[in-house]
1. What value, in deg cm²/dmol to 500, does the helix sum -39500 (n - 2.57) over DSSP H runs of n ≥ 4 give at 222 nm once divided by the residues of the protein assembly as shown?
2. Shielding of B:146-157 by partners, i.e. mean partner chain Cβ atoms within 10 Å per residue?
3. Within 10 Å of each Cβ in peptide B:275-284, how many partner chain Cβ atoms are there on average? Round it to a whole number, please.
4. Take every residue in peptide A:56-64, count the Cβ atoms of other chains within 10 Å of its Cβ, and give the average of those counts.
5. Nearest 10 degrees is fine. How inclined is helix B:291-309 to the longest principal axis of chain B, computing both from alpha carbons?
6. Anything over 30 Å Cα to Cα? Flag those among B:Lys119/B:Lys221; B:Lys69/B:Lys187; A:Lys46/B:Lys119, in the order listed.
Amino acid sequence: MKHKYLKDVSTLELSTDKCIGCGKCKEVCPHAVIEIENRKAQIIDKNACMECGACMNNCPVNAISVHAGVGCVSAVIRGWLTNSEPSCDCSGGSDCC
Amino acid sequence: MSEKGCCSPAPNKPRTVKVKNSSAPEKQCCCCSVAEPITKYDLADHWITGELETEKGKVPVVSTRLSFKDKFGAFKVRFNIGRMKYQINPGLYAVGNPDSHSPVMVSANYKLTFDSLRKELDGLNCWIMILDTKGINVWCAAGKGTFGTAEIINRIEKTKLSEIVSHKKLILPQLGAPGVSAHEITKQTGFTVAYGPVRACDIKAFLQADYKATDEMRKVKFTMRDRLVLTPVEFITAAKTVLFILGIIFVVNLFAARPFVAADLLTFAAAMVTGTIITPVLLPFIPGKAFALKGWLLGLIVTACMVWLNGWFAVNGVLLAIGYLLVLPSYSAFLAMNFTGSSTYTSFSGVLKEMKISIPPIIISIVVGCIVLLVKAFMR
Ligand code: SF4
Ligand code: SF4
C-alpha cells in the first residue's frame, strides 16, 4: 500500500532551462518524484517528495532547489526550543529517524 | 597524513588470508615506524574472520553470517536496552578474497547497518569502506551530513583506497545520496559514484546487472514489518515519561477522594500502546494523511472502548469519561505524530504544517481533560 502524506507542501523546484537531462536526480530519488522526459527532468509526483535533498545535491548544474530538512517532530520541537535549525538527536546511537 | 611509499616493497601481492587464532594481531610492518593501520580492528571480535594482506597493510576480513551475538545486539538496540554505542571502527574491510579489481561499497559505521550489508554479500569478493558517521545509520547520517562528500573524500585518502584498488568506482547506498554530491567526489578524487539499491538484499542483483538498479530497487518502501521493528523504541521512549506521570498520580492519590486505580492506568496504557504501536503498524490503513489525525482517530476508538468496559459512561462516571476522552486520544495523536521521525516519507514542510495545526488543539484538550479528571478526583 502506498503511503501518502500531506499535499502541496513540498518546496521542490526544478529549473528546466538549466537541466541537462543527465538523470542523476531520478536515480537518487527514493520516491520516484522525478522522471526524465524528452531529455529533461520533469516533476511527476511532487506530493510524494519528502524533501530529502538528494536530487538537489547530486544535480551537477544546480537545476533543483528544495528546502531540505528532517521530517521529524522531535527534531522540529528541539529546533523551536533551542531556536536553531531542526536536527535529529541521533547521537545516542539508536535508530532515531 | 598519508605516509606513502616506505613499506611498499612488501611481498609481491601474495594476498594470503590468515585464519583467525593463528597469531595475535601484531604489527609486522618493517621500516615505517608509525604507519597508521588502514583499519583499526581487533581479531578477537567474533565477526572478523581473518585478515588480508594488501600493499598498504592489513585489512580485516569480515564474516557474511550473523552470529547469535550480532542478533542479540540488534535486539538490544531495537529495544533500547543499555545506551551503548553500537558502532565499528571506520576504515576498509574485506569480504571474501577481494583484489584490486573488486568492487568497493561504502557504508556507515553503525553496526546494525554494517551487519545488514555484510549478510547480503555471501560468496562475493569485495571491499567495504566504512565512513565515520558517529555510529548513526546511513539515512540519518546523510541528513546530518556526516555521511557526506567530505567524509568520503577524507576516508578515500585515509584508507589509501586508490592504491589498493585499480579502478575508480564507488558504490554508495542510495539512501546516502542526500548527504553526497557525486560530481564533487569525482572532481576531487577521480572516483565515480554509482548509487546502489535502497535495500541491501538487492545488492547482488545490482552487481549482476552491471551497477544498474531497477526503478523498483530505487524506491523506499515502508512495509508493515519495517514499521513494526521501529515500534519498540517508540514505546520505550514514551514509557520513560510515564514514570513522571505516575509520580503525579501518586501524589494526587494521597489526597484524592476518588484515587486513580488500576482501571485508570489500564486505560492510559491502552492509549499509549495505540499511539506508539498500533497506529504505526496500521499506518496506511487508517483514514487521513496527518499522523496526528490517524493517532487521534484510533485513540478515540480505543479510549471509548476502555471507558465503556470500565462502565464510566454511567452517570456517576461521566466526568471520567469526558476527562479521558479529552486527554487520551490527544495523547495518542501526539505519540503517533512522533512516528514521523521514523517514517521514510514525511517531508519537513509537511511535518511543520501538521504540527502547527495539531499541537494547539492537542494541548488544549489535554489541559481541559486533566482539569476535569482532577475535579473528579477531588470531588466529594
Ligand atoms: S527531495 Fe528527495 S524525495 Fe524530493 S524529489 Fe528530491 S530526491 Fe526525491
Ligand atoms: S540532475 Fe539536474 S541536470 Fe540532471 S536531469 Fe536532474 S535536474 Fe537535470
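Here, each number is a calculation from the coordinates, and none is a lab measurement. The structure presented is a predicted model; accordingly, all values stated were derived computationally and were not measured. Don't worry about glycine lacking a Cβ; one is built from the backbone with ideal geometry, like all the others, and counts go over all protein chains shown.
1. -12500 deg cm²/dmol
2. Per-residue shielding by partner chains comes out at 0.
3. Average neighbour count from other chains, rounded to a whole number: 1.
4. 4
5. 50 degrees
6. B:Lys69/B:Lys187; A:Lys46/B:Lys119
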